[in-house]
Every structure is written in C-alpha cells, then in structure tokens.
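Please treat every number below as a calculation from the coordinates, not as lab data. What you are looking at is a predicted structure, and each value in this text was computed from that prediction instead of being measured. Cβ sites come from the backbone with ideal geometry, for glycine too, and all protein chains shown count toward neighbours.
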C-alpha cells in the first residue's frame, strides 16, 4: 500500500513539474524582444537649370533633403574639343568665369581675374568673415535664383596646315547641401551652425530673431 502511495505521489509531482515547465515555456515564448528602428536623415540637393543656345539660365538649387539645409555652389569652367575631350585653354582665351550671381548669394573668397573655380553660399554677409546662412526648407524647396544667365564661349582655330579645330567652354555648376542645425558655441561667444562650420569652415551665425 505504501509503495502504491509513493508511486502516486511521484506521478503527481511529475505532473506538477510538467505543468510548471509548460507555463515557463509559454512565458518565454510570449516575451518578445522590442526592436527600435532609427531612420537617418537624408541630406542632398540638385541643380535645376535650362541649357540652350550655348547658355545656362534660370539656375536654382533644390533641397531634396528631408531636413532644412544650407547650400553651397561651386562653379567650375574648362575647355573641351569637338570630341568632348578635355583641352588646354586655347591661346588668347581665359578660364575665368565672368558672371555675377543673383542677390542672396555671397562669394567666399572673393574672385580673382583668373579663377576657373568660384564658390558661392546661399547666405547674407554680416561683418568680417561672418554670415547668416539662408535655410532652404526640406522636401524639394528651391533657393532663389542663383544665376540668370551664364554664357559659354566657343571658337575655331585653323592651323598652318589648314586644319580647323573647334573648342567650347564647359561650365559645371556643382551644388552641395549640409544640414542647418544645430547651432553651437565655438568659443569667444560665437554661436554658429556647427555642420556648416565643420564641413565648409564658414561661420553661419545663429539668427537673433
């Protein structure tokens, strides 16, 4: 009889352990890891322009980022031959880019007579080397007009063997964007847009209003 009771108790204990194990398994299966998904901001831009009759016109820059951004534009010029190969500057011609940007853009540094690369910022100048950057809103907003018209030169040269070579000037407008925020104190009480300062070494002061 005692043996029978002992067997029964063991069976009940085993059943209890089985139930506890099942409950524990269910608890583990019911507890799922929470995954945090972080989306990085996209910063980008594109040049919008019209090209016809050897002229670039109505040039603006579109902010295709998903955050507000500051814009920088580099204008680079060089010469190509009739086959589209880079060529030396033809004798008597210049690499200088002779055009004036529209209002709302500042050039840093000031150009020289022979500059084949000039850099402009969508900003307004304050004092010294300080500026207020002009934010361009996210989602496809554009700057004000950068250039109304840029005319590209072309010419033909006939050598002593009566062979004619044709050359044309190329003007590339290269735009860059950097996120506008945050502003931070870099010392001396200067609070500037940190991304533009670190990327471009230009001081865009924090607006006072």
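Miscellaneous remarks
- When the Cα gyration tensor is reduced to axis lengths a ≥ b ≥ c, the ratio a/c is 1.5 or higher for the range 76-141, and with a/b not above b/c it is classed as oblate.
- Here each label is just a point 7 Å from Cα along the line to Cβ, and for residue 198 and residue 149 those points are 4.4 nm apart.
- FRET efficiency for the residue 137 to residue 208 pair, using the beta carbon distance and R₀ = 25 Å, is estimated at 0.75.
- Cα→Cβ-extended label distance, 7 Å offset, between residue 124 and residue 78, nm: 3.8 nm
- On the basis of the beta-carbon distance and an R0 of 41 Å, residue 53 and residue 160 show a calculated FRET efficiency of 0.80.
- Nearest-0.05 FRET efficiency for residue 95 and residue 42, computed from C-beta distance (R0 41 Å): 0.75
- In the range 45-178, the C-alpha radius of gyration followed by the widest Cα-Cα span (Dmax) gives 17.3, 59 angstrom.
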